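Enquirer: Please see the structure below; I have some questions.
The values are calculated or read from the model by the stated rules, or taken from the named source; none is laboratory data. In this text the structure is predicted, and so the values were computed from the model without any measurement. Cβ sites come from the backbone with ideal geometry, for glycine too, and all protein chains shown count toward neighbours. Protein only, heavy atoms only, side chains kept; ligands, DNA and RNA dropped before computing areas. Shrake-Rupley method; radii C 1.70, N 1.55, O 1.52, S 1.80 Å.
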Amino acid sequence: MGGPPPGIKLIRSLSGTEWSLSTYRYFVLVLTFIAYACYHASRKPTSIVKSVLDPEPATVGASQPWPIGNLFIRGEGLASNMTRLQDKGWPPFNGEDGTAKLGEIDVAFLSCYSLGMYVAGHLGDRLDLRLFLSTGMIGSGIFVALTGMGYFWNIHVFGFYLVTQMMAGLFQATGWPSVVAVIGNWFGKRKRGLIMGIWNAHTSVGNISGSLLAASVLEYGWGWSFILPGALIFLGGILVYLFLAAYPEDVGLPCPRVWNSGIRPQTGPKDEEPQKQKRDAIEAETSTIRQVGSEDRGIAVGLVEACLIPGVIPFAMCLFFSKLVAYTFLYWLPFYLTQTAIGGEFISVKSAGNLSTLFDVGGIVGGILAGYISDKLNARATTAAGFMYAAIPALLLYRSYGSISKSTNIALMMIAGLFVNGPYALITTAVSADLGTHSSLRGNSRALATVTAIIDGTGSVGAALGPLLTGFLSTKGWDLVFLMLVLGAFVAGLLLTNLVCAEFREKSCIQKPPTDGSTEQRTRGHASEPLLGEETR
């Protein structure tokens, strides 16, 4: 602990040069992007194989390839073993309670994920994040692959799949608190919404790649749909262990509290002596930091103390309902597509898996747009609430008109993905990082993982509830499922009302002409906050 990762040591020795701060930042962004994309890719197989484990005769129909060549195929064009599975399903998921059992599998995974999140966040602020993250990725890969091995070992015991998914959920809980904490360690607050909105595309990229990867091998047996994503995240864990510098101090750079302390080396004819003293102070603190490495970042914040940070509880509860909506699509959209006639035709399981990725394409745009708007307005709560309210008509339009034609379904699906995933992406990235470095913490950097875990852990409880309720409600009609989603989006926006009002009050105070100079001073202080990457200028 406290030193550079083995891979960076090797690169240093071979190149003989030291990387700049900007290079390290770009490298950390790319590596954490890959890491969490692997996490989400390993969660998609369950949704892809649902229609194979619990088939419905109505889902087998002809569908011409559209709209991207042979990416979408005829239902009868699958291999013979796939046809057999569609006819018979896979015990114990092909009985009358098969859909409910699939819902129980989802809720078991997400319950362990959400409960494990609180523990993972607490540990993430106390352990080396590189080792913690790589261990979680490798463990996730093993148990995801074990679920797929049930196909090859011909296992029909419900408990086996329940246990493997529960263990996978526990290991998956290590991911989000860790990657957000790493990003928070390396980046300042200004333009954080846009930077993290772009970076958060890993969620949708992971969902898309996981869907395509699982669907591409589905015809060879559904077990491969788990084994390949499991192998992907396993290899990603090794990559993280070798190359991720979780803290700037680990590679000999000063920690964020030095960058953000307002003491930055400058040159100029004025006040030369004070500037020299500041430079000496920075060098002394940097020297001390380099000696202690990543082992001295303050006392880790407890769960209760983190919950008392202003804004944590409202955003956590908002994310509860936001993830309820988002994860219902994540786990049930492919199944919904196979059960719904689009343009008068039913599509195959593989086509449904491919088509569902377009929801995440809209999610990528939504995450970036929400981050950009929240930076421009300097209003995270207003942006998140606005997107959640806009998601309501988008969901209703998709349910009402998505079956008209395939092109209509694609357009409405992407619009729904934009508004559903936008606030979800904003809260789990920029908002969590902002609150994890809140001014009330007095520069303590060991709260990032804990705050992130509280927010995303609470959200993950909603993520578990949504798919569980969908498993039961879908048997009575999909209109009830969409009613649940609309109510969830409305409540999510409503929970941010106080924060939205506070942001409007703050904006009105800033826009009023100064009377005693205090407002002018506050405005100047806000405008002078250093932009991302300016700390070393």
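Enquirer: Report yes if some residue within region 158-171 is outside any helix (DSSP H, G or I) and under 20 Å from A231 (Cβ atoms); otherwise report no. Reasoning before the result, please.
Expert: Of all residues in region 158-171, those outside any helix (DSSP H, G or I) come to none.
Within region 158-171 (the criterion being outside any helix (DSSP H, G or I) and under 20 Å from A231 (Cβ atoms)), the answer is no, since none of the residues qualifies.
Enquirer: So, A463, is that one in contact with a Lys or Arg (Cβ under 7 Å, 6 or more places away or on another chain), closer than 18 Å to V119 by Cα, at pLDDT 75 or above and of a type in the set (G, A, S) or not? Let's see the steps before the verdict.
Expert: Numbers: in contact with a Lys or Arg (Cβ under 7 Å, 6 or more places away or on another chain): yes; closer than 18 Å to V119 by Cα: yes; at pLDDT 75 or above: yes; of a type in the set (G, A, S): yes.
Spelling it out, A463 is indeed in contact with a Lys or Arg (Cβ under 7 Å, 6 or more places away or on another chain), closer than 18 Å to V119 by Cα, at pLDDT 75 or above and of a type in the set (G, A, S).
Enquirer: Does region 179-194 contain at least one residue that is in a helix (DSSP H, G or I) and either at pLDDT 95 or above or over 28 Å from P4 (Cα atoms) (or both)?
Expert: Looking only at region 179-194, we keep the residues that are in a helix (DSSP H, G or I), and these are 179-186, 192-194.
Add one more test, that the residue is either at pLDDT 95 or above or over 28 Å from P4 (Cα atoms) (or both), and what stays is 193-194.
Yes, region 179-194 contains a residue that is in a helix (DSSP H, G or I) and either at pLDDT 95 or above or over 28 Å from P4 (Cα atoms) (or both).
Enquirer: Right, another one. Suppose the filter is open to solvent by less than 50 Å² (accessible area, probe 1.4 Å), in contact with a Cys (Cβ under 8 Å, 6 or more places away or on another chain) and not in a loop (DSSP other than H, G, I, E, B); does A394 pass it? Talk me through it step by step, then tell me what you get.
Expert: Numbers: open to solvent by less than 50 Å² (accessible area, probe 1.4 Å): yes; in contact with a Cys (Cβ under 8 Å, 6 or more places away or on another chain): no; not in a loop (DSSP other than H, G, I, E, B): yes.
Answer is no for this residue.
Enquirer: What about A381, is it within 20 Å of the chain's Cα centre (by Cα), buried (at least 24 other Cβ atoms within 10 Å of the Cβ), in contact (Cβ under 8 Å) with a residue 24 or more places away in the chain and within 24 Å of S508 (Cα to Cα)?
Expert: On the way: within 20 Å of the chain's Cα centre (by Cα): yes; buried (at least 24 other Cβ atoms within 10 Å of the Cβ): yes; in contact (Cβ under 8 Å) with a residue 24 or more places away in the chain: yes; within 24 Å of S508 (Cα to Cα): yes.
For A381, the condition - within 20 Å of the chain's Cα centre (by Cα), buried (at least 24 other Cβ atoms within 10 Å of the Cβ), in contact (Cβ under 8 Å) with a residue 24 or more places away in the chain and within 24 Å of S508 (Cα to Cα) - is met.
Enquirer: Okay, moving on. Looking at region 339-361, which of its residues are over 21 Å from the mean Cα position of the chain (by Cα), in a helix (DSSP H, G or I) and buried (at least 24 other Cβ atoms within 10 Å of the Cβ)?
Expert: Taking region 339-361 first, the residues over 21 Å from the mean Cα position of the chain (by Cα) are 339-352.
Keeping just the survivors that are in a helix (DSSP H, G or I) gives 339, 349-352.
Scanning region 339-361 gives V349, K350, S351, A352.
Enquirer: Out of all the residues in region 238-253, is one or more modelled with pLDDT of 90 or more, under 23 Å from L10 (Cα atoms) and among the aromatic types (F, W, Y)?
Expert: Yes.
Enquirer: Looking at (1) assigned to a helix (DSSP H, G or I); (2) more than 18 Å from L31 (Cα to Cα); (3) at pLDDT 90 or above; (4) open to solvent by less than 50 Å² (accessible area, probe 1.4 Å), which is the one condition that is false for I155?
Expert: Condition (1) is where I155 drops out.
Enquirer: I need the full set of residues from region 94-121 which are among the hydroxyl-bearing types (S, T, Y) and within 17 Å of the chain's Cα centre (by Cα), in order please. Lay out the reasoning, then the answer.
Expert: Taking region 94-121 first, the residues among the hydroxyl-bearing types (S, T, Y) are 99, 111, 113-114, 118.
Residues satisfying the conditions are S111, Y113, S114, Y118.
Enquirer: To continue, here is another question. So how many residues does region 1-28 have that are open to solvent by 80 Å² or more (accessible area, probe 1.4 Å), modelled with pLDDT under 85 and closer than 11 Å to V251 by Cβ?
Expert: From region 1-28, those open to solvent by 80 Å² or more (accessible area, probe 1.4 Å) are 1, 9-10, 13-14, 17-18, 26; that's our starting set.
Retained after the next criterion (residues that are modelled with pLDDT under 85): 1, 17-18.
Retained after the next criterion (residues that are closer than 11 Å to V251 by Cβ): 18.
Matching residues across region 1-28 total 1.
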